[in-house]
Amino acid sequence: MTPLSVPQQTALVDRLAGACGGAYPPGTRRKYFISGPQWAAAYEGQALFHAPTREPVAFEDVIRHYGEIGVGYWTTHDTDVIPAAMLGKEEQWEVVERIKKALSEAGVDCSMVTTETFHHAVFAAGPAAESPEIREYAAFRLRNTVKIGHELGAGYAVYWPGSLGYQVQGAIDEVQTLRWYADGLNAACEIDIEIARKRGRPTLKHCLEAKPFEPQAEILLPTSDAMLAFIASGLLKHPEMVGLNPEYLHELMWGGAPRAALARALLAGKLWHFDINDGYRLKHDVDIAVGLVNPLDWLNVLVLLRSYGYNGPFNLDYKPPRTTSAYGVWKVSFPTAVDRFITLWEMAGEVIADPVIKEASDALKAGAGAASTDPEVVAAANRELLTLHELIGHRLFQILVGQHRGRLYSL
């Protein structure tokens, strides 16, 4: 084998990416409410046991690249783009003006802002720690992010209380901690109402993001169901302003079914924002791109969302692998992630319209007409109908691989 120089390597990536085919033009990608996070694109490959493998990238470059590939929306944590020491000061607004300029030049909108309440040392005990000055600082950060969001024209704010929990048993009072956490969200909603009234624009949609483990040993709000219970607990002054931002992998990590979690959020009217990625059950939060691990499950997720009219953002919350170069992030990682999502979204439309699935589903809903209080009679009457569950699964696989369009393999 002939060794390849760096220019030859990038040329090979370009050629093979083109040979893959199936890419959508930027204009087509912009038709979908897909948002690109600053943190995902700027991820350098670092982790607890891993050194960075890519060089740093500024938000101007991230926004420009998103615009070039056809991702029309950008999202960010406050400290992704503004050092913590600048927050709330005049320097902050200078950075915000640079962001607005970059967004305008790229033809990209800011759809969501989120507050980092987990990385900085001040949040070692969480954003709702016992110390009142820590809680007041957290409330300041939340209020400040709302101000930034309105200035950038965002419609959503997301909160991941990743360090809301404990490492040592008995160290905290869980009930009081949840009350204190609600105080911070109340502060965010109240400043939001005030700013929205002054600006004559809608309030933000405040979305809670659950994660079952990491970084604390025990998390107080580990799942979307826990978040729904928290919203309905009576602790929030404006529960109508607070919904969910489920993340696909976060629901998968603890062994749950993302589709079922999304269904429960839909029933509650609280599915407002959705972080999309992929990964493995009962594993670390690896944030693999959509469809690379569970394409059939992803097809089913999108069938659900299309069936029930979800029209919120799909946020690309995934990390390009450490093995991918900075060049490859924009040549392969994000374009292919977007294209797989679009393909699966359109396949979901095929599933909904498919005559085989429709006939099987209608038959299951019609039942056998055996009105009886004898369970043996009812079971026997429906026994053949229930075979259609597996048939539907087979048909979904056919649609996924294109077999319903006549794709066959010769032996």
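Would you check if residue 232 is under 21 Å from residue 164 (Cα atoms), modelled with pLDDT of 95 or more and among the small types (Gly, Ala, Ser)?
Yes: the conditions hold for residue 232.
Tally up the residues in the range 275-309 that are among the hydrophobic types (A, V, I, L, M, F, W, C) and either farther than 21 Å from residue 347 by Cα or assigned to a helix (DSSP H, G or I) (or both), please.
Qualifying residue count for the region: 10.
I'm checking my understanding of the structure. Among residues of the range 383-402 that are surrounded by 14 or more Cβ atoms within 10 Å (Cβ to Cβ) and over 30 Å from the mean Cα position of the chain (by Cα), which one is nearest to residue 292 (Cα to Cα)?
Of everything passing the filter in the range 383-402, 388 is nearest to residue 292 (Cα to Cα).
Take residue 128 and tell me if it is surrounded by 15 or more Cβ atoms within 10 Å (Cβ to Cβ) and among the aliphatic types (A, V, I, L, M).
yes
Can you pull out every residue in the range 75-97 that is farther than 17 Å from residue 138 by Cβ and either under 26 Å from the mean Cα position of the chain (by Cα) or of a type in the set (Phe, Trp, Tyr) (or both)?
Passing the criteria: 75, 76, 80, 81, 83, 93, 95, 96.
Name the single residue that is nearest to residue 332 (Cα to Cα) among those in the range 71-93 being assigned to a loop (DSSP other than H, G, I, E, B) and of a type in the set (Val, Ile, Thr).
Per the criteria, the residue is 71.
Could you tell me whether any residue of the range 145-157 is on the phi < 0 side of the Ramachandran plot, surrounded by 22 or more Cβ atoms within 10 Å (Cβ to Cβ), touching a His at 6+ places or on another chain (Cβ under 9 Å) and not in a helix (DSSP H, G or I)?
yes
Identify all residues within the range 18-70 that are in a helix (DSSP H, G or I), among the hydrophobic types (A, V, I, L, M, F, W, C) and under 22 Å from residue 340 (Cα atoms); write none if there are none.
19, 20, 39, 40, 41, 62, 63, 69
The values are calculated or read from the model by the stated rules, or taken from the named source; none is laboratory data. What you see is a predicted model; the values in this text were computed from it and never measured. Because the Cβ atoms are built from the backbone with ideal geometry, glycine has one as well, and the counts that use them run over all protein chains shown.
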